[in-house]
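The values are calculated or read from the model by the stated rules, or taken from the named source; none is laboratory data. Computed from a prediction, not measured in an experiment: that's the story for all the values here. All Cβ positions, glycine included, derive from the backbone under ideal geometry; neighbour counts span all protein chains shown.
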């Protein structure tokens, strides 16, 4: 059943922080896996979950940088993973399964944005491969570790999905590359992944959600020149973020809320923002947000799952 995109009145909002969401919550004994959990938004998510008592596994392509970032964060461990390399994903998953641990939460947060044209693996476009296919393969391979009856998978998407649905005729941009459309397609894919994963996992108690964290200035924008950020209205000439932008702690709140709130149990597959279920988008204003129909369409989600399984060679659910 497709989730209704209708607010449920969570009691939190756009300015709530991850700390606000977890206030009074004890996550002792739970284990979370947060991709990209050592930088920007991911680091705030890791800190919040750890602060509430959870043990957090942080997969990292840059292990030394991750270990430095986590040095003062208790109950964390860093393990090597390159989401753009399916062999790395396989090896990481096997090592996790060998530990016999149970994962209560997986937050698929790592990603790239607006990078120059880059090919990985068998010539795949890097945004689609890293942001979507890598996470698709990872969650499928670690399925045996997902806690029966209670696991949650949170896929971090973006209002960037406004710019493009899945380009079925050319998902890897072989007919001309556009960095923003490539990013947008991958963010639509992140949302559709949650839709179909939730369909598969519902009978086992698995819940999946897509989360738009809001507009936040983090290292994710590393490929966007300062002049372009000013022209887009993200920052002023002095480098101050535009009104409506969130702090990293505020940006981390919705992912943490979707990963832990009991209020959302009955709403698996939903697209969330501002610590609540998002309404359908009524404008093209990304700062206002909401969700476009192509990012929550169950038929599109099923089609994407089939394509992703074909490309990665894994499917532990269907």
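Descriptive notes on the structure:
- Qualifying residue in segment 95-105 (condition: touching a residue at least 12 places away in the same chain (Cβ under 8 Å), crowded, with 24+ Cβ neighbours inside 10 Å and more than 14 Å from residue 311 (Cβ to Cβ)): yes
- Near pairs, Cβ below 6 angstrom, 6+ apart or cross-chain, from segment 287-303 (closer than 12 Å to residue 211 by Cα) to any residue that is at pLDDT below 95 and part of a helix (DSSP H, G or I): 289/159
- Within segment 23-40, tally of residues that are under 19 Å from the mean Cα position of the chain (by Cα) and either free of Cβ contacts under 8 Å to residues at least 40 places away in the same chain or under 15 Å from residue 250 (Cβ atoms) (or both): 1
- Filter result (in a helix (DSSP H, G or I) and over 23 Å from residue 160 (Cβ atoms)) within segment 234-263: 260, 262, 263
- Residue among 33, 27 that alone is part of a loop (DSSP other than H, G, I, E, B), out of contact with any helix residue (DSSP H, G or I) (no Cβ under 6 Å at 6 or more places or on another chain), at pLDDT 95 or above and buried (at least 21 other Cβ atoms within 10 Å of the Cβ): 27
- Options 147, 129; residue that is modelled with pLDDT of 95 or more, crowded, with 19+ Cβ neighbours inside 10 Å and more than 12 Å from the chain's Cα centre (by Cα): 129
- Exactly one residue among 269, 251 is buried (at least 24 other Cβ atoms within 10 Å of the Cβ) and farther than 18 Å from residue 153 by Cβ, and that residue is 251.
- Scanning segment 180-229 for residues that are in a helix (DSSP H, G or I), in contact with a strand residue (DSSP E or B) (Cβ under 6 Å, 6 or more places away or on another chain) and at pLDDT 90 or above yields 182, 190, 191, 193, 194, 197, 198.
- Sub-6 Å Cβ pairs linking a first residue in segment 145-172 that is within 14 Å of residue 127 (Cβ to Cβ) to a second residue that is in a loop (DSSP other than H, G, I, E, B), at least 6 apart or interchain, are 156/109, ordered by first then second residue.
- In segment 61-87, the residue that is surrounded by the fewest Cβ atoms within 10 Å (Cβ to Cβ) out of those that are touching a residue at least 12 places away in the same chain (Cβ under 8 Å) and closer than 12 Å to residue 138 by Cα is 85.
- Scope segment 149-168; condition under 21 Å from residue 303 (Cα atoms) and in a loop (DSSP other than H, G, I, E, B); matching residues: 157, 158, 164, 165, 166, 167, 168
- When restricted to residues that are under 28 Å from residue 33 (Cα atoms), part of a loop (DSSP other than H, G, I, E, B) and either touching a helix residue (DSSP H, G or I) at 6+ places or on another chain (Cβ under 7 Å) or at pLDDT below 95 (or both), segment 271-291 contains 3.
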